[in-house]
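The values are calculated or read from the model by the stated rules, or taken from the named source; none is laboratory data. This is a predicted model, so every value here is computed, not measured. Counting neighbours? That spans all protein chains shown, and the Cβs are built from the backbone with ideal geometry, glycine included.
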Amino acid sequence: MNDDLLVMKFGGTNMQDSRAIRHSASLAARSIREGVKVVVVVSAMAGITNQLLKLADAAQSGDIAAANDEIALMRTRHFTAAQELGAAPDSGTVREIREMHETLRQAVYGVYLLRELTPRSRDLIVAFGERLSAPLMSLALEQDGLRAHHLSGGEAGILTDSHFGNAKPMPNTYERVKDRLSGLLSAGVTPVVAGFMGETEKGAITTLGRGGTDFSATIIGKALGADEVWAWKDVDGVMSADPRVVKDARNIEVLSYGEVMELAYFGAKVLHPLAVTPLQESGIPLRVKSAADPDFPGTLVQAQPRDEAGHPVKAVTAIRNVSIINVSGAGVLGIPEVIASVFDAIARENVTLLMVSQSSSMSNVSLAVQTVDAERTVNALRAGVSLELRVEEQPGVAVLAIVGSGMRGQRGVSARMFTALADQDVNVLMISQGSSELNVSVAVEGTHVDAATLAVHRAFDLGTPTPA
Ligand SMILES: Nc1ncnc2c1ncn2[C@@H]1O[C@H](COP(=O)(O)OP(=O)(O)O)[C@@H](O)[C@H]1O
Ligand SMILES: N[C@@H](CC(=O)OP(=O)(O)O)C(=O)O
C-alpha cells in the first residue's frame, strides 16, 4: 500500500493512560511502517471531558477550591502519562502541558470572578482535554521512532460557525485542513490533531458536540480525500445493541451512512450523529475497529447498505432520560398558525426533537425531548403559544428505536416489535416511523428500557449465532 492515506481516530478509552496511548500509537505506527500516510485524531483521556465540565460548573457557582482541586488531579494524570511515555521533567512536552494547565486555571478563574459560564467559555475550557492529550500521542509516536507534530483543531484548519457546544464546520474548512496538513504529510511527519474542537473565524475555540472527535476525523478525511477513516474503539465495531445492556449483541459487518446516522441519533453512543456526513458526498468508507483486536474487521460504513434476507432490522438502540411534552387544547391545534407557533418556540430554543406525534382529533401534540432540555422547552412553549393550550412535562421516559434498511417495504416489522414489547408488559407512550423506513421508534417508561431492548433484540434474532 503506497501513498495510501488513512485518518485514525482514538477515543477516550484508547487514550486513558500511558499504556493505552502507547498501544494506540503502535496501531498507527503499524500502518505507517507499511507505507501508509496516517493522520491521527485524538480524544481527551477518558473522563477528562466530564471533569472539565464539572470544574467549570464549580467555578461558576463560586467553589474555586473544588475547581482547582480537579485541575490539580488532571495535571497529575497528564504529567504521569507524559513521564511514563518517557518525557524528561525539563522536556518541551512537560513544559507545554504545564503551560496549558496554567492557561486553563486562568480561564476557570475568570469564570469564578464573573460567576458566569457562557457556552463560549465552556468550550474554551472543555477543549483543553483534547489539547492536552495530543502532545501525549505525539510523544508516544516519537518513542516508536516516528516523526509527529501535534496541532489543535484550529491549527489543523478546522473552522466552524459560532454554535458553541455544537459547532459545525464552515465550507472553507476542507481547503484549510488540506493546506495545513499536506505539507506535514509529504515531509513524512504524522500530524496528531486534537479532536472535538475547532475555532471560529475570530479564533474563538468551539466544540463539535459530545463524541465530536469522530466528526473531526471525518472532516479531515474528506479534506484530504483519505482512502478510509478508521475509528478505533473499545468495542468490536457498531453492534446490534449496546453491549453493556445486551450481552449477546453482535458486530454488524456493513452499515450504510444512513443507517449509522439513525443509530447514532437514536442513542448508540458509538459514533457522533453527524460523523458520516462529511463522507457522504465522496463515498469515503469509515471503519469502526476494536483497538483490543486490530485484525478483526469491525464495521464497514459505506454508501450502500448490505441487507441479509430474513433480517430486516440490524440494531436496536435507546435514548434514556427523555421527557414527553404534551401540548393539548381541544380543537386549537388544528389551526396551522398554532402548530407553527409550537415549532417556532422550539426552534428558538434550539432544542432537538427526538419524536413528534399529533393525535388525529387535533387536540394533542406530543414532543419527546431530552430531559435536560425539558424545562426550557416547556417555558418557551408556555410563553410562545396560545393561552388556550396546556403544556405538561412527563419525565422518566426512554426512546427505543429499531434500525435497518431492510425494513423498507417489509410488512410486519412494527408488529413484531410491538408484540415483543407487549409480551414484556411494556406500555408504548408514543410511536413514530420516518418515511425513509430506516427506523421505527417508540417512547416507553424509562424503567422498562433495558427489558424492552433485550426483548426487541431477541424478537429480531439479532444476537450472536450459537455455534452448531
Ligand atoms: N450499538 C452499539 N455498538 C457499539 N457500541 C455501542 C452501541 N451502543 C452503545 N455503545 C457504547 O458505545 C461505547 C463506545 O463509544 P465511545 O466510548 O464514545 O467510544 P470512544 O470514546 O472509544 O470513541 C461502547 O463502550 C458501548 O458501550
Ligand atoms: N472528549 C469528547 C469528545 C469525544 O469524542 O470523546 P470520545 O471519543 O471519548 O467519545 C467527549 O467526551 O465528548
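For the stretch 381-410, filtering for residues that are under 24 Å from Ser328 (Cα atoms), among the charged types (D, E, K, R) and not in a strand (DSSP E or B) leaves 2. In this entry, Ala107 is excluded by the filter for residues that are assigned to a helix (DSSP H, G or I), out of contact with any Cys (no Cβ under 9 Å at 6 or more places or on another chain) and touching a residue at least 60 places away in the same chain (Cβ under 8 Å). Please find, within the stretch 393-415, the residue that is surrounded by the most Cβ atoms within 10 Å (Cβ to Cβ) out of those that are more than 30 Å from the chain's Cα centre (by Cα) and not hydrophobic (A, V, I, L, M, F, W, C). This residue is Gln410. For first residues located in the stretch 32-48 and within 23 Å of Gly183 (Cα to Cα), partners that are of a type in the set (Phe, Trp, Tyr) and buried (at least 24 other Cβ atoms within 10 Å of the Cβ) and lie 6+ apart or on another chain with Cβ distances below 6 Å form the pairs Val42/Phe10.
Checking each residue of the stretch 228-238 against the condition of being under 22 Å from Val39 (Cβ atoms), within 13 Å of ligand 1 (Cβ to nearest atom) and surrounded by fewer than 22 Cβ atoms within 10 Å (Cβ to Cβ) gives at least one match. For Ala25, the criteria (1) crowded, with 21+ Cβ neighbours inside 10 Å; (2) within 16 Å of ligand 1 (Cβ to nearest atom); (3) within 23 Å of Leu279 (Cβ to Cβ) hold in every case but one, which is (3). Within the stretch 338-371, restricting attention to residues that are touching a Ser or Thr at 6+ places or on another chain (Cβ under 9 Å) and in a helix (DSSP H, G or I), the residue that is farthest from Ala167 (Cα to Cα) is Val338.
Can Val39 be described as outside any helix (DSSP H, G or I), touching a Leu at 6+ places or on another chain (Cβ under 8 Å) and within 16 Å of ligand 1 (Cβ to nearest atom)? Spelling it out, it is not the case that Val39 is outside any helix (DSSP H, G or I), touching a Leu at 6+ places or on another chain (Cβ under 8 Å) and within 16 Å of ligand 1 (Cβ to nearest atom).
What strands (runs of 3 or more DSSP E) completely inside the stretch 141-226 contain at least 1 residues that are among the aromatic types (Phe, Trp, Tyr)? I'd like the intermediate steps shown before the answer.
Values: elements: 148-151, 190-194, 197-199, 205-207.
Hits in the stretch 141-226: none.
Among Val288, Val270, which is the only one that is surrounded by 22 or more Cβ atoms within 10 Å (Cβ to Cβ) and modelled with pLDDT of 95 or more? Residue meeting the stated conditions: Val288.
Just one of (1) within 16 Å of ligand 2 (Cβ to nearest atom); (2) buried (at least 23 other Cβ atoms within 10 Å of the Cβ) trips up Leu53, so point out which. It fails just one condition, (2).
Of all residues in the stretch 291-314, those that are under 30 Å from Ala25 (Cβ atoms) have Cβ atoms under 7 Å from Cβ atoms of residues that are in a loop (DSSP other than H, G, I, E, B) and of a type in the set (Gly, Ala, Ser), 6 or more apart or on another chain, in Gly298/Gly237; Thr299/Gly237. Every condition in (1) touching a residue at least 40 places away in the same chain (Cβ under 8 Å); (2) under 24 Å from Ala420 (Cβ atoms) is met by Ala231 except one, and the failing one is (2). Cβ-Cβ distances below 6 Å connect the following pairs, each with a first residue in the stretch 258-285 that is within 12 Å of ligand 1 (Cβ to nearest atom) and in a helix (DSSP H, G or I), a second residue that is of a type in the set (Val, Ile, Thr) and at pLDDT 95 or above, and a separation of six or more residues or different chains: Glu259/Val403; Val260/Val276; Val260/Val301; Glu262/Val403; Leu263/Thr317; Leu263/Val403.
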